[in-house]
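The values are calculated or read from the model by the stated rules, or taken from the named source; none is laboratory data. Only a predicted model underlies this, so the values are computations on that prediction, with no experimental measurement involved. Ideal geometry is used to build each Cβ from the backbone, glycine not excepted, and the neighbour counts take in all protein chains shown.
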Amino acid sequence: MPSPKKTPMRMCLGCNEMKTKRSMIRVVKSPEGGIFLDLTGKKSGRGAYICKSSECFKKARKTRRFEKAFSCRIDEEIYDSMEKELNGNE
């Protein structure tokens, strides 16, 4: 009898809760160094996850969790464009 499939879990950078990968949004640092939202979850690069709420995004931004996850400095313009894109998809 085959074992049931495991659902992949990821931790939100904003609220630190473990949730299913599909219920979250992936933020990617591409090999070229660009940082952006990956709504498909398939783009190449280092990924970090946040809930689909703007509160979690703001909390992760304020505590600089994205910068820690990607080990680099992130400009405010990049944060602003990601927040705009996130709010457009809610």
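Key figures
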quantity: The stretch 21-37 residues that are within 17 Å of residue 73 (Cβ to Cβ), paired with ones that are in a helix (DSSP H, G or I) and aromatic (Phe, Trp, Tyr) (beta carbon under 6 Å, 6 or more apart); calculated: 29/70
quantity: Pick from the stretch 48-65, criterion hydroxyl-bearing (Ser, Thr, Tyr) and not in a strand (DSSP E or B), ranking: farthest from residue 85 (Cα to Cα); calculated: 63
quantity: Those residues of the stretch 47-90 which are β-branched (Val, Ile, Thr) and without any contact (Cβ under 8 Å) to a residue 12 or more places away in the chain, in sequence order; calculated: 63
quantity: Subset of the stretch 1-13 [in a loop (DSSP other than H, G, I, E, B) and among the charged types (D, E, K, R)]; calculated: 5, 6
quantity: Among (1) in contact with a Gly (Cβ under 7 Å, 6 or more places away or on another chain); (2) over 20 Å from residue 67 (Cα atoms); (3) among the polar types (S, T, N, Q), the one test that residue 30 misses; calculated: (2)
quantity: Of all residues making up the stretch 14-47, the number that are among the acidic types (Asp, Glu) and in a loop (DSSP other than H, G, I, E, B); calculated: 2
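Residue by residue, here is whether (1) touching a Lys or Arg at 6+ places or on another chain (Cβ under 7 Å); (2) of a type in the set (A, V, I, L, M) holds:
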site: 13; (1), (2): yes, yes
site: 33; (1), (2): no, no
site: 36; (1), (2): no, no
site: 39; (1), (2): no, yes
site: 57; (1), (2): no, no
site: 66; (1), (2): no, no
site: 82; (1), (2): no, yes
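So that you can scan it fast, the table gives a plain yes or no per residue for (1) at pLDDT 95 or above; (2) more than 18 Å from residue 82 (Cβ to Cβ); (3) of a type in the set (Phe, Trp, Tyr):
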| site | (1), (2), (3) |
| --- | --- |
| 10 | yes, no, no |
| 21 | no, yes, no |
| 33 | no, no, no |
| 39 | no, no, no |
